[in-house]
1. If you check residue 59 against the conditions, is it over 20 Å from residue 100 (Cβ atoms) and either without any contact (Cβ under 8 Å) to a residue 24 or more places away in the chain or away from the ligand (no atom under 16 Å from the Cβ) (or both)?
2. Does residue 109 meet the test of being farther than 30 Å from residue 156 by Cα, more than 14 Å from the ligand (Cβ to nearest atom) and either surrounded by 13 or more Cβ atoms within 10 Å (Cβ to Cβ) or basic (Lys, Arg) (or both)?
3. Return yes when residue 127 is closer than 17 Å to residue 223 by Cα and in contact (Cβ under 8 Å) with a residue 24 or more places away in the chain and no when it is not.
4. Quick check: is even one residue across region 14-34 surrounded by 20 or more Cβ atoms within 10 Å (Cβ to Cβ) and either out of contact with any helix residue (DSSP H, G or I) (no Cβ under 8 Å at 6 or more places or on another chain) or at pLDDT below 95 (or both)?
5. For region 110-124, state whether one or more residues are touching a Phe, Trp or Tyr at 6+ places or on another chain (Cβ under 8 Å), outside any loop (DSSP other than H, G, I, E, B), closer than 14 Å to residue 49 by Cβ and modelled with pLDDT of 90 or more.
6. Quick one: which residue in 181, 186, 146 is small (Gly, Ala, Ser), under 22 Å from the mean Cα position of the chain (by Cα) and loosely packed, with under 12 Cβ neighbours inside 10 Å?
7. Please go through region 64-83 and pick out each residue that is surrounded by 15 or more Cβ atoms within 10 Å (Cβ to Cβ) and within 12 Å of the ligand (Cβ to nearest atom).
Amino acid sequence: MSRILIVEDEFSISNFMKTVLEGDGYTVEVATCAAQARAALDRAEYHVLLLDLGLPDADGLELLRELRQRYALPVIVVSARTEESEKVAALDCGADDYITKPFGSPELLARIRAVLRRAGPAAGTTAFTTGALTIDYDKHLVTIEGKPVHLTANEYRLVELLSRSAGKVLTYDRISEAMWGDAAGGNSQLLRVNMANIRRKLEQNPAEPQYILTEIGVGYRMKEQN
Ligand code: CA
């Protein structure tokens, strides 16, 4: 069973998360500061890290960057800050997802399941399916209800990129870097145009996309695999 480390200095929140997660069968430990978190991670193996960005003894983003380099485990940032720039910064520092306080137990459990699924043995897959959308990675072929969709090379790369991290928000900067080798500054318009074209081809109603969702001010998120 998966082991989860909660790094959170507010007892009411860590206790809520611990109760919910243990109730769902996870093994949970709590660290209340960065020092305890480092000690716990050196002592035992964990499968998910829930990280509060506002800790008494560390800058949250610096700690995130450090833990990302030292340990290979999914990190979900737990933040009271609702500022979009914070979410973007956390994702750019390597967070796999974020959850904003206050949140309920279904949302917490869903986020945990999603990062565990993505960390699972799906890396070598050759196909992706969500709803009526299928991507055949070998053939570079996208179909909707079995009918081929004609995408340009860039549009295909963008769809594949998002699908390989399905369920996870990719920031505009990260997408731009993967697509064009540099941050979004000069490419945001290009990205928007590509996305508009993709949605026109994939979505029944491009104004209410079902497959590639916009996280306003942050980036795009492909719907998770069926
Ligand atoms: Ca805190």
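The values are calculated or read from the model by the stated rules, or taken from the named source; none is laboratory data. The model shown is predicted, which means the values in this text are computed figures rather than measured ones. Using ideal geometry, Cβ is built from the backbone for each residue, glycine included, and neighbour counts are taken over all protein chains shown.
1. Against the criterion (over 20 Å from residue 100 (Cβ atoms) and either without any contact (Cβ under 8 Å) to a residue 24 or more places away in the chain or away from the ligand (no atom under 16 Å from the Cβ) (or both)), residue 59 does not qualify.
2. yes
3. no
4. The answer is yes, given that some residue of region 14-34 is surrounded by 20 or more Cβ atoms within 10 Å (Cβ to Cβ) and either out of contact with any helix residue (DSSP H, G or I) (no Cβ under 8 Å at 6 or more places or on another chain) or at pLDDT below 95 (or both).
5. yes
6. Exactly one residue qualifies, and that residue is 181.
7. 77, 78, 79, 81
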